[in-house]
Amino acid sequence: MAGPPFELMGIVNVTPDSFSDGGEWFERDAAVTHGRALAADGASILDVGGESTRPHATPVAPEEELRRTEPVVRALAGAGPTVSIDTTKLVVAEAALAAGAGYVNDVTAFRAEPDMAGLVADRGARCCLMHMLGDPGTMQDDPRYDDVVDDVKAFLLGRAEFAVREGVREDRIDLDPGIGFGKTVAHNLALLRRTDEIVALGFRVVIGVSRKSFIHRLADVPDPHDRAPGTIAANVLAYERGARVFRVHDVAEARQALTVAAATLRPDGV
Ligand code: HH2
């Protein structure tokens with residue numbers, strides 16, 4: 001039987017300060033155990049990160065980020081899911097790829113370290129290029145766009161063209177509108193409502209809504225752990241509009257919801 005028509009990217013935050021699960025998987029063994037559990041739940045990509053990107057997060061030195069992520073990547077690699085490294089730093093990505101990662105998730109879309117593109121090309125890795133307005137220190141300070149969807153599309157296309165010029169194969173590039181990265185609730189909703197326009201750029205689209213604060217703003221859910229229902233609603237609608245990769249904390253719940261959504265949308269059901 002063919003695999004599911006979507007991919008789940010399970011989040012493994014090896015950080016003390018991530019917005020929803022900071023500290024929960026900061027111990028190396030806990031992170032590895034968590035990654036394996038997400039794989040058992042249906043994740044085909046495990047996204048290992050050692051630096052929080054939440055607004056005003058404290059920057060992490062490269063050596064410390066490397067120390068947090070490299071052993072976790074090494075322990076999770078080769079067990080089935082593709083291991084992704086969620087980093088903006090070349091040295092961290094280099095070490096992760098050497099330790100068995102096959103995917104680089106760079107929230108700056110290779111702007112922080114343009115040599116990241118050549119590295120990804122050279123290693124034949126897959127990558128995610130995400131839109132962010134400014135940087136985590138300033139991104140939520142009154143973000144403005146002419147038309148958020150048009151602006152994000154133009155940015156993502158430009159970054160994909162840069163990656164291709166640097167030698168990355170088109171089918172190795174995923175694009176992500178960067179929900180919550182320099183966006184108001186209205187901006188996030190416009191990007192979700194018009195995900196089909198981003199899909200029309202011709203690349204796989206990644207959506208990262210998991211537990212994010214726009215769900216709280218809309219539905220009054222102060223504890224991020226309680227935001228799985230809102231996460232699922234946004235992911236299912238983005239799936240219907242053509243997104244195919246979902247970056248989530250709660251993999252089992254997302255798998256169930258998207259499996260039912262995908263079957264419902266097929267003309268012949270199951
Ligand atoms: N969101 C976060 C981090 N990395 N990468 C992509 N491609 N898309 C996203 O939407 C995205 C991302 C933020 O979520 P999280 O990792 O849970 O929190 P933190 O950055 O605080 O560690």
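The values are calculated or read from the model by the stated rules, or taken from the named source; none is laboratory data. Quantities reported herein were computed from a predicted structural model and do not represent experimental measurements. Positions of Cβ are generated from backbone atoms using ideal geometry, with glycine treated the same way; all protein chains shown enter the neighbour counts.
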| message | Quick check on my filter: what residues within the range 114-129 are free of Cβ contacts under 8 Å to residues at least 40 places away in the same chain and over 27 Å from HIS187 (Cβ atoms)? | response | ASP115, LEU119, ARG123
| note | Apart from one, (1) within 15 Å of the ligand (Cβ to nearest atom); (2) of a type outside the set (Gly, Ala, Ser); (3) in contact (Cβ under 8 Å) with a residue 40 or more places away in the chain; (4) surrounded by 21 or more Cβ atoms within 10 Å (Cβ to Cβ) all hold for PRO81; the odd one out is (1)
| message | Considering only the range 242-258, I want to know if a residue exists there that is free of Cβ contacts under 8 Å to residues at least 60 places away in the same chain and basic (Lys, Arg). | response | no
| query | Only one residue in ASP122, ASP151 is more than 16 Å from the ligand (Cβ to nearest atom), part of a helix (DSSP H, G or I) and touching a Phe, Trp or Tyr at 6+ places or on another chain (Cβ under 9 Å), so which one is that? | reply | ASP151
| request: Would you please name the residue that is surrounded by the most Cβ atoms within 10 Å (Cβ to Cβ), looking only at residues in the range 24-55 that are away from the ligand (no atom under 16 Å from the Cβ) and in contact (Cβ under 8 Å) with a residue 60 or more places away in the chain? | output: GLY42
| request: Give the residue, chosen from ASP250, ASP220, ASP268, that is acidic (Asp, Glu) and modelled with pLDDT under 95. | output: ASP268
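Matching residues to (1) within 19 Å of the chain's Cα centre (by Cα); (2) closer than 28 Å to ASP17 by Cα; (3) touching a residue at least 24 places away in the same chain (Cβ under 8 Å):
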site: ALA57; (1), (2), (3): yes, yes, yes
site: GLU63; (1), (2), (3): no, yes, no
site: HIS131; (1), (2), (3): yes, yes, yes
site: ASP141; (1), (2), (3): no, yes, no
site: LEU157; (1), (2), (3): yes, no, yes
| message | For the range 192-213, which positions are in contact with a helix residue (DSSP H, G or I) (Cβ under 9 Å, 6 or more places away or on another chain) and within 11 Å of the ligand (Cβ to nearest atom)? | response | VAL205, ILE207, VAL209, SER210, ARG211, LYS212, SER213
